[in-house]
Amino acid sequence: MPWNRRHLLTLEDLSLAEITQVHTTAAAFKRTLTRSVKKVPALRGKTIVNLFLEPSTRTRMAFTMAAKRLSADVISLDSSSSSTTKGETLRDTAQNIQALQADMIVLRHSAAGSPLYLSRILNIPVINAGDGAHEHPTQGLLDTFTMQEHLGRLQGRKVVILGDILFSRVARSNIHALTKLGAAVTLVGPATLVPHWFTELGVKVSHDLRSALADAEVVMLLRIQHERQASGHFPSLGEYTSMFGLNKTRASWLNPKAIIMHPGPINRGVEIDSELADGERSVILEQVTNGIAVRMAVLYLCAGGQPELVYAGPDPS
Amino acid sequence: MPTLWIRHARVIDPAARRNAVGDLFIRDGQFVKSLPAAAKAAARQIDARGLVACPGLVDLHVHFREPGQTHKETIATGSRAAAAGGFTTVVCMPNTSPVADNAGTIQYIQDATRRDAVVKVLPTGCLTVGQKGATLAPYGSLKRAGVVALTDDGDCVQSNELMRRACEYAKMFDLPIMDHCQDASLTQGAVMNEGAQSTRLGLRGWPHAAEDIIVARNVILAEYTGARLHLQHISSQYAVGIIRRAKARGVRITAEATPHHLAFTDDALGTYDTSFKMNPPLRTAADRQALIAGLRDGTLDCLATDHAPHTDYEKDKEFDYAPNGILGLETALAVALDVLVRQSRFPLTQLVDLMTRQPARILGLPAGTLAAGAAADVCLFDPAEKWRYDAKAGFSKSSNSPWHGQTLTGRVQLTLVDGRVVYDRGQIVPRD
C-alpha cells in the first residue's frame, strides 16, 4: 500500500494500516542506526525546519538526529530566537519559512490544533511534534513501536497509562494508537487529572492503582508537573506519590514480564522510584533510541518516500 | 416622508395576535389603521405578496465596537448589518474602548448614532467602573445620558456583594441589569465547552457549571433585591432548568438565547475552526435541545445575536489565541427560521414574538409592535427565499461568521425605520 499522507498531524486520523507502515519503515531504519556509517541518502538536498515554540529536549534532538541520518539539512528555531517574540503570528513565521524554501516543518506548539492550522496554510508537509494537550503523534508511534518490540502484537494486551492524563498529548496519541492496535487501555491517576470524559475515546478510567496494575503488561508513566499542584489538581507531590507513584511494591502487581515506560522528562521519586526507572523492566532509554527510527520513518514517508523502498532497499553504506 | 401602503403581506403582529394576509398603512412615520381615500391613492405602494410583514426585529445584544475598535465595526457599518438582517432596534454592549462607564462616552455613542446609524441604536452602560468588577459605575448619570440597561457583558461581576449593591442601586433608576453569567474561577484559560470534545481536542474546557452558578446567584439576587435582571446568552441545559424553576416561583428574571447556540454544538470544533469560538462556548446536543425547549415554553424570553465582529487577521490564529465572538445580525432570522420553525416546528408567530415583542418588553422599549400610533418599524421577509450568505460581501465591517458561504433559507427584503425604507433588497437606501 502506498503512503499518501503529506502531513502527520494526529494519530486519531491515522488508520491501523498507516500506523503499521510507519512501524515497519521505522524497523528498517532502526537497523541503519547501529552501523558505523549511520547516514542514508533518503532526504539528501531537502531542508527540514524544526519550529519549536515550546521547550523540548528529547523530541527536538530526536527530530534533528533523524533528519541528519536521512541526510537532510536541518534548521532549528525556538521561541526565543524566532520573531514570535516580536509579535509575529504563527502564520507569518511559517509562511516565511516556506518562502525560504524549506521542504518540511516540524512544529512544536503550546496551542492545540496549531499543526492542522499550519497544514491548511502551507504547501509543504507539517509534522506535529506536540501541540498543547492534544497530540504528540511521533511519541505515540515510538511508544507502540517499543511495546511491540517487547510484546509482539498488542491485540488484547493490557496497557496502563498512569499520571497527568488531562494535560497530556502523549496520553492522547497513545490512546489513539493503542486502541487501533487492539490493546486494552486503562488510564489511572487522581480524578482531577483523569476525567471520566476519556472513556469516550474507548479506554477505561480508574482511580484504583492496584486493580489497574494487576497483570498489566505495560505501564506508561507520565510526568507530574509541579504547576498542577498550584492549580489545585492534587494536594501535594507527596500525596501524589503516596497514592500513585510507582514503587517496587506496586510494580510487583504487574505482569512479571511487564515493561515500564516514560516519555520523559522523569521526576525521580515523584511518579517513579529511581530503582524502577533504571531497573531491568525499564525501557525508557529504548524509547529514546526508537524515537530516532520512528521519526526517520515519518520524515521519510511524509517527504514522499515509499515504504517498500526502505524495506527492500540495498544497504546504502 | 411618503405615506406608505404595504399590500397583501402576511402580517404578523404578536402583540395584536394578528396573523393574516392584509395591508399596513404608514403615515408620518407611524402606523395608522387606515388612510383616507385621497392619501391612499397618493401613497407609495409596496407589493408584499408572498412576504411576511412583522415588527422590525429587536436585538438586545450587539457589539458595534465604537468608540475605539472601529477596525472591527462602527455604528455606521453595524447598523447597516442590522438593517440588512431586518433589525430596527439594537442594544449595544458597553465594552468599547474606552468602555462606556461614563456619560461622556454614552454621549459620544449617541452623537455617532444620530450621525451614522440607519436603525435605532441604543446604548448600555457598564455595571462597574472600567468593567473591572470593583466599583459601581455612575448609574444616575448614565441613565440621564440615555442608557437603556446596565451590563459588564464579557466581564461578569464576580463579587456577590458588589452584584447585590448593583441590583439595589440600579433598581432605584428602574434600569435593568443584563448579566453575562460566568464564574471566572471555573474558566481560567478555557476556550471551549468542557466535555468529551474538549478532552479529545486537548483544549481547555469550560464547564457549564461556571454559567449555572452565576445564573443561580442572579436568580437569588433578583428575588432578594427585586431588581430587573436579564440573563445574557444562556447556553447550558442546567441553567435553563434554574431559570424555569425561578420563573415558576414568580421571580422577575428574563433570559436570552443566541441563534448560534441553537444551531451548533461543540461538535463543530473538530477542526479548531475559530469561526465557532465564542463566549459562552457552543455546548452539547442536550444543551442545544434544552435551549430550544426553553424558548418554546417561555423559560427563555427572546433571541439575541451577540453580534461580535472581529477582523480576519484577529480570528485567523491558533484556536487558543483567537478572540471570542461571531457576527449574527445578517443571518439571525434565516438561522432562527431554520432551527426553530422548520426543524423544531415553532409557529412562525412565536419566532416573530421572540425577535420583536419579547426583547422590547424586557427593556421596556417602544418597539416590537405594528399597533396604530407606534413607530413604523417593519421587517418584510420572504421565509422561503434561498440565498448564499457571503460574509465578505455583507454590511458588517468584519466577516467572522460560521455561516459564511452557506445557503440559508429566509431573507429580509425590506426594512423600514420610522416609516422610511432603510434597506431594500440588498441595498441600504440613502437618506434623501
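Remarks
- When region A:216-267 is filtered for residues that are over 27 Å from residue A:156 (Cβ atoms), free of Cβ contacts under 8 Å to residues at least 40 places away in the same chain and among the aliphatic types (A, V, I, L, M), the ones remaining, listed by number, are A:230, A:237.
- Hits in region A:27-52 - residues which are in contact with an Asp or Glu (Cβ under 7 Å, 6 or more places away or on another chain) and buried (at least 18 other Cβ atoms within 10 Å of the Cβ): A:46, A:48, A:52
- Entirely in region B:11-91, the strands (runs of 3 or more DSSP E) that have 1 or more residues that are free of Cβ contacts under 8 Å to residues at least 40 places away in the same chain and out of contact with any Phe, Trp or Tyr (no Cβ under 7 Å at 6 or more places or on another chain): B:18-27
- One residue alone among B:228, B:217, B:165 is surrounded by fewer than 24 Cβ atoms within 10 Å (Cβ to Cβ), basic (Lys, Arg), more than 26 Å from the chain's Cα centre (by Cα) and on the phi < 0 side of the Ramachandran plot, and that residue is B:165.
- Scanning region B:132-153 for residues that are of a type outside the set (Asp, Glu) and buried (at least 22 other Cβ atoms within 10 Å of the Cβ) returns B:137, B:142, B:147, B:149, B:150, B:151.
- Listed by position, the helices (runs of 4 or more DSSP H) enclosed by region B:331-432 that each have at least 1 residues that are over 30 Å from residue B:311 (Cα atoms) are B:348-355, B:357-363.
- Complete set of residues in region A:119-158 that are within 20 Å of residue A:302 (Cα to Cα) and part of a helix (DSSP H, G or I): A:119, A:120, A:121, A:137, A:138, A:139, A:140, A:141, A:142, A:143, A:144, A:145
- Out of B:311, B:305, B:299, B:274, one residue alone is surrounded by fewer than 19 Cβ atoms within 10 Å (Cβ to Cβ), β-branched (Val, Ile, Thr) and in contact (Cβ under 8 Å) with a residue 12 or more places away in the chain. It is B:311.
- Residues that are hydrophobic (A, V, I, L, M, F, W, C) and under 19 Å from residue B:204 (Cβ atoms), drawn from region A:169-196: A:170, A:171, A:175, A:187, A:191, A:193, A:194
- Yes/no for residue B:86 being crowded, with 24+ Cβ neighbours inside 10 Å and touching a helix residue (DSSP H, G or I) at 6+ places or on another chain (Cβ under 6 Å): yes
- Among (1) outside any loop (DSSP other than H, G, I, E, B); (2) within 14 Å of chain B (Cβ to nearest Cβ); (3) of a type in the set (A, V, I, L, M) - the single one residue A:48 does not satisfy: (2)
- Helices (runs of 4 or more DSSP H) (entirely within region A:169-270) containing at least 1 residues that are within 14 Å of another protein chain (Cβ to nearest Cβ) and surrounded by 18 or more Cβ atoms within 10 Å (Cβ to Cβ): A:169-180, A:226-230
- Residue match in region B:184-207 (condition: touching a residue at least 40 places away in the same chain (Cβ under 8 Å) and over 30 Å from residue A:137 (Cβ atoms)): no
- Whether a residue is assigned to a loop (DSSP other than H, G, I, E, B), closer than 24 Å to residue B:268 by Cβ, hydrophobic (A, V, I, L, M, F, W, C) and in the same structural domain as residue B:281 (by TED's automatic domain parsing) was assessed, and residue B:156 does not pass this test.
- First in region B:331-347 and farther than 29 Å from residue B:398 by Cα, second anywhere and assigned to a helix (DSSP H, G or I), Cβ under 7 Å, 6 or more apart: B:344/B:292; B:346/B:296; B:346/B:340
- Applying the criterion of being aliphatic (A, V, I, L, M) and not in a strand (DSSP E or B) to the residues of region A:96-118, the residue that is farthest from the other protein chains (Cβ to nearest Cβ) is A:100.
- Positions within region B:138-161 being modelled with pLDDT of 95 or more and touching a Pro at 6+ places or on another chain (Cβ under 9 Å), in sequence order: B:142, B:145, B:146, B:147, B:148, B:149, B:150, B:151, B:152
- Number of the condition not met by residue A:93 [criteria: (1) within 20 Å of residue A:4 (Cα to Cα); (2) away from chain B (no Cβ under 11 Å); (3) not acidic (Asp, Glu)]: (1)
- The lone criterion from (1) surrounded by fewer than 17 Cβ atoms within 10 Å (Cβ to Cβ); (2) at pLDDT 95 or above; (3) more than 12 Å from residue A:48 (Cα to Cα); (4) away from every other protein chain (no Cβ under 14 Å) left unmet by residue A:80 is number (2).
The values are calculated or read from the model by the stated rules, or taken from the named source; none is laboratory data. Here the structure is a predicted model, which means the values were calculated and not measured. Virtual Cβ from ideal backbone geometry, glycine too; neighbours counted across all protein chains shown.
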